[in-house]
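*Asks:* Before anything else, here's the structure in question.
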Amino acid sequence: MIKSDFHLHSNFSSDSTASMESMVQQAIQLNLSEICFTEHLDIDYPENAEGLDFLLDLPAYQSSLFSLKEKYKSNIKILCGIELGLTPTTYEKNKDFIQGESFDFIIGSTHIVHNMDPYEPEYFLEYPGKEGMKEYFLSILYNLDKFSDFDVYGHLDYVIRYCRDKNFTFRYLDYSDILDEILKKIIDLGKGIEANSAGYKHGLGRPNPHPDILKRYHELGGEILTIGSDAHKPSHMAYDFKELPALLTSLGFRYYTIFEKRKPKFIKL
Ligand SMILES: [Zn+2]
Ligand SMILES: [Zn+2]
């Protein structure tokens, strides 16, 4: 049983209204042994209808987290992470933001490609089907060349959640040159990826990224693999984690990873 959730948001992230304490209480209810909040920081997130800015009030976040960490210390371990949105204009700003701060865990993620979140319908209108996938993967490759102060790269095929073409199927082969390069680069940097169970919530019937990407990562020697639900509210915490041990072991993994003070620790699946 997986007892850690390493991708969680609370109302310190623009797109969540859940109090941090409600998330902690849910984790205790679920009998998890540790959780890591990974609040959004997406500097230069484009203007949007909902008015979300994805900026993070770090002092308030840290103070709330440390008081809950103390309050619930006999029930659960609470870790302090961040999910950095990576785009060509944010590398230096992200570096400045995390400089001198002591995070337990950092996820680097692509949420914005060509100044658009693939979540917005315009993205696939401009880059239909495979083209939208390819542009997304290319942006990851570009980010990896410029920024590496993260522990895992988040939801590597996030883009697929929003491809509204019902006939679209993902095939590793269609992007194998780019994906192989991404995975090798992540491994060479000594970093990892995550199995993000929100894919189940989005009706994909699998985590993000696709099992073929996870499998290839393992074949290429990838070992660091964290597990997170990407929950923005308590009811989504540890979402469908029960599906993951059998899937991941069938792909060759024997361990998953947790982090504390940016150091990985491997736990048997
Ligand atoms: Zn994300
Ligand atoms: Zn997230």
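Throughout, read-outs are computed from the coordinates displayed, never taken from laboratory work. Because the structure is predicted, anything quoted here is derived from the model rather than measured. Neighbour counts run over all protein chains shown; Cβ positions are idealised from the backbone, glycine included.
*Asks:* Let me check the size of the range 1-127 from its C-alpha atoms; what are the radius of gyration and Dmax in Å?
*Replies:* Over the range 1-127's Cα set, Rg and Dmax evaluate to 15.8, 51 Å.
*Asks:* Additional query: Suppose only helical runs count, i.e. DSSP H with n ≥ 4. What mean residue ellipticity at 222 nm does that imply for the chain under -39500 (n - 2.57) per run, divided by all residues and rounded to the nearest 500 deg cm²/dmol? Each step should come with its number before you reach the end.
*Replies:* Values: 9 runs with 88 residues, N = 269.
Computed mean residue ellipticity for the chain: -9500 deg cm²/dmol.
*Asks:* Which lysines does Lys95 reach when only Cα atoms under 29 Å apart count, and residues fewer than 8 places away in its own chain are ignored?
*Replies:* Hits, sequence-local ones excluded: Lys69, Lys77, Lys134, Lys146, Lys184, Lys185, Lys191, Lys233, Lys261, Lys263, Lys265.
*Asks:* Using a 7 Å offset from the Cα along the Cα-to-Cβ direction at both Ala60 and Asp240, what is the distance between the two label points in nm, to one decimal?
*Replies:* 3.4
*Asks:* Related question: Report, to one decimal in Å, the Kirkwood hydrodynamic radius for the range 125-213 based on all distinct Cα pairs. Kindly include the intermediate steps, with their values, before the conclusion.
*Replies:* On the way: mean 1/r = 0.0738 Å⁻¹.
Evaluated on the range 125-213, it is 13.5 Å.
*Asks:* Okay, next question. Please figure out what share of the DSSP beta bridges in the chain is antiparallel and state it in percent, rounded to the nearest 5. Write down the numbers at each step before the final one.
*Replies:* Values: 8 of 33 bridges.
Taking every DSSP beta bridge with both residues in the chain, the antiparallel ones total about 25 percent.
*Asks:* Let me ask you something else. In the range 13-31, which residues have a backbone nitrogen under 19 Å from the label point lying 7 Å from Ser74's Cα in the Cα-to-Cβ direction?
*Replies:* Residues 24-31 fall inside that zone.
*Asks:* Starting from the range 82-171, pick out the chymotrypsin sites (Phe, Trp or Tyr not before Pro) whose DSSP state is loop and whose Cβ has at most 15 other Cβ atoms within 10 Å. Can you show the working numbers first?
*Replies:* Values: sites: Tyr91, Phe97, Phe103, Phe105, Tyr119, Tyr123, Phe124, Tyr136, Phe137, Tyr142, Phe147, Phe150, Tyr153, Tyr158, Tyr162, Phe168, Phe170; in loops: Phe103, Tyr119, Phe147, Phe150, Phe168, Phe170.
For chymotrypsin sites (Phe, Trp or Tyr not before Pro) across the range 82-171 that sit outside H, G, I, E and B with at most 15 neighbouring Cβ atoms in 10 Å, the list reads Tyr119, Phe168.
*Asks:* So for the chain, what percent of the C-alpha to C-alpha distances run longer than 31 Å? Intermediate values should be presented prior to the final figure.
*Replies:* Working: 6948 of 36046 pairs.
Counting pairs separated by more than 31 Å, the tail of P(r) holds 19 percent.
*Asks:* In the range 6-114, what % of DSSP beta bridges are antiparallel (nearest 5)?
*Replies:* Numbers: 0 of 14 bridges.
Of the beta bridges lying entirely in the range 6-114, close to 0 percent run antiparallel.
*Asks:* Highest GNM mean-square fluctuation, the chain, Cα pairs closer than 10 Å: which of Leu86, Leu125, Leu141?
*Replies:* Taking springs between Cα atoms under 10 Å, the residue moving most is Leu125.
*Asks:* What size of dipole, in debye to the nearest 20, comes out for the chain about its Cα centre when the only charges are +1 on Lys and Arg C-beta atoms and -1 on Asp and Glu C-beta atoms?
*Replies:* On the way: 29 positive and 41 negative charges, 270 e Å.
The dipole of the chain has a size of about 1300 debye.
*Asks:* With a cut-off of at most 12 other beta carbons within 10 Å, and DSSP calling the residue loop, which GluC sites (Glu not before Pro) in the range 1-97 qualify? Please list them.
*Replies:* Here the sparse-neighbourhood loop sites are Glu47, Glu50.
*Asks:* Further, regarding this structure: Under a crude label model (7 Å from the Cα following the beta-carbon direction), how far is Ile178 from Lys268 in nanometres?
*Replies:* Taking the two extended label points, one gets 4.0 nm.
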